[in-house]
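See below for the structure under consideration.
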Amino acid sequence: MIVHINHISQSKKPRNGKPSPQSEMAGLVTGSLMSLVEDGVLDAKMAPSLRIHLDWIQYKTNFRDPVMVRRTTSAQGQALPLAEIAIDLRQADATGLPIALARAVKSLDAGPQSNVENHLYLDEFRPYRDCLIWSFNRLFWRYLGDWENASGKGFEAALPGGSSDANHPQAVSDSVADFWTLLRDLETRGQLPAEIFGLEIGVGSGARAAAWLDRFKALDEQCGTNFYSRLHFILGDYSPTSLERAVAAVAHHGDHVSGVPLDALNPYKALTAHRFKIMYVHLTNVYDNLPFDDLVRRDGKLYLVEVRAYLNGPLVDQLTADFGVSRADLPGMVEKLLEGGPYAVFEGEKGVAFWRRVWDTFKLEERLRALDEREEDHVPPGLSRTHLEDLLAEAPDDVRFHISRGAGESFANTLPLLHPRGFLQVQDIFVSEMDDYRKGFRGPGKLDGSLVTWVNGALLRAVGARAGYDVHFAPFPYRPGTKTSILYTTQRD
Amino acid sequence: MTPPLPILPTTVIGSYSMPEWLERAKNEYLSRRLSKRDLDEMHDAVRKAALKDQETAGIDIVSDGEAQRDNMIDYFTERMPGVQVDLGSKRFYYDFYDSIVRSKLATGTLGLAEEARFLGRFSDHKSKISISGPHTLVKRIQNKFYDTEEAFAFDLGRVLNLELKELVRAGATDLQIDEPYYSGFPEDLPWAIKAINAMVDGVNANITLHVCYGNRYGKPSFEGSYKFLFPAILGAKINTVSMEFARRGEDDLQLFKEFNVPFNVGIGVIDVKTNEVESAGFVADRIRRALEVIPAERLVITPDCGLVRLHRDVAFGKLCAMVEGTKTVRKELGR
């Protein structure tokens, strides 16, 4: 039996000689599995090829049940012998774990159609990029205000750190200083354009743009450089609520600011007239909320992770009871929710309450589908299979990693906006080296209403290289312990 | 014998669309998984196809499409006698090698004459060959010998002068010098133009000087106005200056009202940094606007820069539009 310990991290808390919760749970898993073999529950012939994955998912809530069976299929969907049992050591509880493991082992024999947990399936298996989490994500940003009213807190409070690193005053101040220095250098060389454009994609509450513009104006006045009078700052977002809120937050900058509705996947489409003109582009926590795929390499073979959306069996019963609906009606109601919004299902607050409960109950079952040699659907726009092969060449043999296709597409469609001397700065959670994928589960995690996943920085480096930019990653030094890092581009020679 | 050129002759800047499969093959060659012989065969096939596309589109002065060149630097530094190139310094063909000069450049040939012979053998059209200029090479080769960039550029001019003469002996009639780095270092212009003049001294060919804002990775390397070229460029011993206008707009055409240039002007009417294929009508409008400030007899019609970053169907479509737009204006001129 192959046990993969996917969480490799030194404990930050003093333990006084006691094992950490995760190491205790890991011990329980291996002990339970050995007992299952000894008791004949797990076939001794099957056990040597079984893979066990031990994760410690940083997001307290996520899309997985604590114990999950991952089967494999051929490219055409026929069952293959390889199977995995994945355990989230953080979610699992010591009392129920041996039973959950035994049930998972038994379900391996029962075949892919078994539904021992009585889950309510909402969809077929499909790649992460096409699964229902994106419909929920769109719903969240469309009805952001309604969700926040119901939860009683702003969405930034739902971020893992409780606030957005975007607004850190020193980070904003340093960003402004870097930009001002660039402008001064260009002016010294007589190469500063008459109009200076800045752009923020994914504007949040507008707090960062406001702080940035205030600081830029103050620095410009202090230095007497008169750059502010030439500055036009564009706020771009696809959520009307966010955009409206952000534009209001920077209203005191008058005509220096405009709001542009845009799709983060293709900012170029909305801003074609600004091709090669924008000196500064900033994004915070946008890429981690864009569609991705997961690839897995096992025994040299590449698999695409496919997921099937379901509502957790035991929780469905409570949900139907609380809302007075039948189990059979539920899939149709969820479809209605995702298409027409919460008020298409129930009037008033009950609609949002229903939405919130569905989200709490919502989970994803995974399977690994072998990739056909000729298949290219998982390759992000702007990249070719050879880029992925380059990534895999630098990746460890047994690995699960993201193809951050949304981030890659967004990045590739933002770079053509940059002025030759301009730069792009992204604050987000990046996996900057492929080897780091071995050291922990990188999402997706479930936030309050939306989702987050780490971004494959190595992939963005490949996208950048292709488009004429070197991509660098620097730690975010302003908040100790943060997982945020800063991506910035420099022109590639 | 090639037929005489029409009014408003059309030409390319040099490079044609690079097939993705050839990019992969070039990378394979760098990783020593493909032989030089196989790669050369592929290059020749693509060069012939590029010639055919240009001829079919109706281009008056064609190039070989430059598929054999990894980029506008390495092709020359690899061949330049006395420049040391670290052949292990790149994995992706389009990257630049690290190159360095540690002693005075030797006198010797770069072997570009093969391009002239290739063009003579496989096309009956008038053709041209592009060469990166001394200023551009100075900015990319690490200088560990010459006291100044200017001195280095002049010595490059000396070696390149011999090469241009070799090309003419091999049948080349039209030569183009590419200098995209002028736009980033306008302060170098006084000595950069002198280096050009050293390079073309005694060369019996039509010389074009192409000055753009860069096209590396399909994006500009610099921005600004062509104002910086004047009046220094008026001293260049060239027949044509070629500039980009399609992407940048035509404001700088007014410079030709202000300065009486003693040579022809090649105007970029095709934006090579977008996949959108211009209409022939759009091209014709651009030419008409140029005619307001430059006489037809002195106008040459070109894309903004090389087509290397465009897909073949896009590149071909753009050349067809350029030719059709030019024909429309020729008709209006009654020529």
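We did not get these values from a lab; they are worked out from the coordinates using the rules stated. No experiment lies behind these values; they were computed from the predicted model shown. So basically every Cβ, Gly included, is an ideal-geometry build from the backbone, and we count neighbours across all protein chains shown.
Count Lys and Arg as plus one, Asp and Glu as minus one, and take only other residues whose Cβ is under 15 Å from that of A:Leu368; the net charge is then +2.
Can you pull out the trypsin sites (Lys or Arg not before Pro) in region A:1-71 that DSSP calls coil and that have at most 16 other Cβ atoms within 10 Å? Answer in residue order: A:Lys12, A:Arg15, A:Lys45, A:Lys60.
Each peptide among B:236-242, B:258-264 gets the average number of other Cβ atoms lying within 10 Å of its residues, and from highest to lowest they stand as B:236-242, B:258-264. Only loop residues by DSSP count here, and only those with at most 13 other Cβ atoms within 10 Å; note down the trypsin sites (Lys or Arg not before Pro) in region A:125-221 that meet that. Passing both the DSSP loop test and the Cβ count: A:Lys153. Ordered by the number of other Cβ atoms lying within 10 Å of each residue's own Cβ, fewest first, B:His210, A:His472 fall into the sequence A:His472, B:His210.
Near B:Asp124, once Lys and Arg are set to +1 and Asp and Glu to -1 for all other residues with Cβ below 13 Å from its Cβ, the sum equals +1. Secondary structure note: in the protein assembly as shown, about 40% of the DSSP beta bridges are antiparallel. DSSP finds beta bridges in region B:1-127, and of those with both partners inside it, around 50 percent are antiparallel.
Distance between the C-alpha centres of region A:223-256 and region A:308-376: 38 Å, rounded to the whole angstrom.
Karplus-based coupling profile of region B:227-240, in residue order and whole Hz: 3, 4, 6, 9, x, 3, 5, 5, x, 6, 8, 10, 9, 9, with θ = phi - 60° in 6.51 cos²θ - 1.76 cosθ + 1.60 and x standing for Gly or Pro.
State the answer as a single residue: which of A:Tyr478, A:Gly31, A:Phe430 lies farthest towards the positive end of the charge dipole of chain A, with beta carbon charges of +1 for Lys and Arg and -1 for Asp and Glu, about the Cα centre. Projecting each Cα onto the dipole axis, the largest value belongs to A:Tyr478.
Within the straight-line cut-off of under 25 Å between alpha carbons, the lysines reachable from B:Lys139 are A:Lys277, B:Lys26, B:Lys90, B:Lys104, B:Lys128, B:Lys165, B:Lys194, B:Lys219, B:Lys227, B:Lys237, B:Lys273, sequence neighbours fewer than 8 places apart in one chain being disregarded. Each residue of region A:173-181 was assigned a 3J(HN,Hα) from its phi angle through the Karplus expression (A = 6.51, B = -1.76, C = 1.60, θ = phi - 60°), giving 4, 5, 4, 4, 4, 4, 5, 4, 4 Hz with x at Gly and Pro. Quick one: Debye curve from the C-alpha atoms of chain B, no solvent, what's log10 I(q)/I(0) at q = 0.08, 0.15 Å⁻¹? Evaluating at q = 0.08, 0.15 Å⁻¹ gives log10 I(q)/I(0) of -0.35, -1.33.
Here's the list of lysines a cross-link from A:Lys336 could span, going by alpha-carbon distance under 25 Å and ignoring same-chain residues fewer than 8 apart: A:Lys350, A:Lys363, A:Lys446. Applying 1/(1 + (r/R0)^6) with R0 = 45 Å to the Cβ-Cβ distance of A:Asp93 and A:Glu244 gives a FRET efficiency near 0.55.
Remark: region A:402-493 carries a charge dipole of roughly 100 debye about the Cα centre, counting +1 on each Lys and Arg Cβ and -1 on each Asp and Glu Cβ. Rg over Rh for region A:51-188 works out to 1.15, using Cα positions for both radii and the Kirkwood form for Rh.
Test of understanding: ordering A:Cys131, B:Cys212, B:Cys305 by Cβ neighbours within 10 Å, fewest first, what list do you get?
Numbers: A:Cys131 22, B:Cys212 26, B:Cys305 31.
Ranking A:Cys131, B:Cys212, B:Cys305 by Cβ neighbours within 10 Å, fewest first, gives A:Cys131, B:Cys212, B:Cys305.
The label point for B:Leu333 and the one for A:Asp39, both projected 7 Å from the Cα toward the Cβ, are 9.2 nm apart. Taking region B:1-63, which trypsin sites (Lys or Arg not before Pro) meet the DSSP loop condition and have no more than 13 other C-beta atoms within 10 Å? Filter output for region B:1-63: B:Arg32, B:Arg33.
Under 5 Å from the amide H of A:Asp123 lie the amide H atoms of A:Ala309, each residue being 5 or more positions distant or on a separate chain, with H modelled from the backbone and absent for Pro and chain starts. Going by a ≥ b ≥ c, the root eigenvalues of the Cα gyration tensor, does chain A fall in the rounded group (a/c under 1.5), the prolate group (a/b larger than b/c) or the oblate group? Prolate. Across region A:48-60, computed HN-Hα scalar couplings (Karplus, 6.51 cos²θ - 1.76 cosθ + 1.60, θ = phi - 60°) run x, 9, 6, 10, 10, 10, 9, 10, 10, 7, 5, 8, 4 Hz from first to last residue, x flagging Gly and Pro.
With R₀ fixed at 45 Å, the C-beta to C-beta distance from B:Glu23 to A:Asn149 puts the FRET efficiency at about 0.25.
For A:Ala83, the residues whose amide H sits under 5 Å from its own are A:Arg51, ignoring neighbours fewer than 5 places away on the same chain, with H placed 1.01 Å from N.
Rank the residues A:Lys106, A:Lys446 as a footprinting-exposure proxy: fewest other Cβ atoms within 10 Å of their Cβ go first. Don't jump to the answer; show the numbers that get you there.
Numbers: A:Lys106 15, A:Lys446 23.
Result, fewest neighbours first: A:Lys106, A:Lys446.
The charge dipole of region A:39-188, taken about the Cα centre with unit charges on the Cβ atoms of Lys, Arg (+1) and Asp, Glu (-1), comes to about 500 debye, rounded to the nearest 20.
Suppose we keep just the DSSP beta bridges with both residues in chain B; what percent of those would be antiparallel, to 5? Working shown, then result.
Values: 4 of 34 bridges.
In chain B, DSSP labels about 10 percent of beta bridges as antiparallel.
Amide H to amide H distances under 5 Å link B:Asp70 with B:Tyr75, where only residues 5 or more positions off or on other chains count and H is placed in the peptide plane. Note on the protein assembly as shown: along the principal axes its Cα atoms extend 93, 64, 56 Å, ordered by decreasing extent.
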